[in-house]
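To start, the structure itself, in structure tokens.
The values are calculated or read from the model by the stated rules, or taken from the named source; none is laboratory data. Bear in mind the structure is a predicted one, so any value in this text is a computation, not a measurement. Positions of Cβ are generated from backbone atoms using ideal geometry, with glycine treated the same way; all protein chains shown enter the neighbour counts. These area figures cover heavy atoms from the full protein model, side chains too; ligands, DNA and RNA do not enter into them. Shrake-Rupley method; radii C 1.70, N 1.55, O 1.52, S 1.80 Å.
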Amino acid sequence: MSKNNALLERSRDPFRPVKIIIASLVALVFVFPIIWMIFVSLKPQNMAVANVLDWFVPPFTIDNYIEVLVESDVLLWLWNSVLIGVITTILTLIITSLAAFAISKMQFRYKSAIFIFFLAGMMVPGEATIIPLFEIVKNMNMLDTYAGLILPMVASPIGVIILKSFFDGVPQEVIESAKIDGCSHWRLYWSIVLPLAKPALAAIAIFTFIGSWNNFLWPFLAIVSEDLYTLPIGIPTFNSTYTTSYMLPMTVNAIASIPVIIAFLVFEKQIVKGVSFTGLKG
């Protein structure tokens, strides 16, 4: 009944057509750069363009995509971004969930102080830690390696805080009953507490992967070899060699954007839920 009432109230809204028009225009503003990028990437190189409409009319060709895939390292950059993003996300979920479980369900000294330490970590901007982080990675001989790109990024104070709040919601009676039955801390974590935190884990996974995919500053400082370039590093390097041409740089950006667009279409509901769950915007 409540769903029917909501639909009835929505149909009675006199401003609903106006809202739809405004929402459509806003959506078009955000989608238009993607559409323009795809059309430009399909235009022949060195084609004269007299006005904006020329970008959206024939001739079109896929030669740009063939040239980029054959003559550039964009597929290698794509692979590096995916590999680093996936491993970073998995390690972040493991480390943050274990830390949150320990703080929430285990008794030890200075537990409150450690949690306050995690809270304080949220107030420190990442840029402020770049220099000491670089020195640590350099002294450990991890510069210009996958480990040097991944390990510094797995610390997530907000992930620990979000998961702790979820774990705190598990009734203590359930935990005590499981302990009486001989359940170990590991079994409590894996079989009882962790399955209840799937929404929080999904939200953390989504934003960790997006953050790793878009990360520019740390890879820019930690990478020397071109074989380890990620997309945020490789694309500007490629674009700098085509200062007067639109087609090939747009083709590289289109290739880099296609996996993200597909992932968004597939995981749209999870991403929207993650944004609403964490309260993050943008």
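Things worth noting here:
- Considering segment 124-151, and only residues there that are open to solvent by less than 30 Å² (accessible area, probe 1.4 Å) and within 21 Å of the chain's Cα centre (by Cα), the residue that is modelled with the lowest pLDDT turns out to be Ile130.
- Remark: pairs (first residue in segment 226-239, over 15 Å from Asn214 (Cβ atoms); second residue at pLDDT below 85 and open to solvent by 40 Å² or more (accessible area, probe 1.4 Å); Cβ separation under 9 Å; 6+ apart in sequence or on different chains) = Glu226/Thr237.
- Some residue of segment 38-46 being of a type in the set (A, V, I, L, M, F, W, C), out of contact with any Cys (no Cβ under 6 Å at 6 or more places or on another chain), within 25 Å of Trp213 (Cβ to Cβ) and outside any helix (DSSP H, G or I): yes
- Residue match in segment 109-116 (condition: over 30 Å from Val49 (Cα atoms), outside any helix (DSSP H, G or I) and aromatic (Phe, Trp, Tyr)): yes
- Residue selected from segment 245-282 under the condition at pLDDT 65 or above and outside any helix (DSSP H, G or I), by the criterion least open to solvent (accessible area, probe 1.4 Å): Ser245
- Scanning segment 180-197 for residues that are more than 13 Å from Gly169 (Cβ to Cβ), in a helix (DSSP H, G or I) and open to solvent by 60 Å² or more (accessible area, probe 1.4 Å) gives Ile180, His185, Trp186, Arg187, Trp190.
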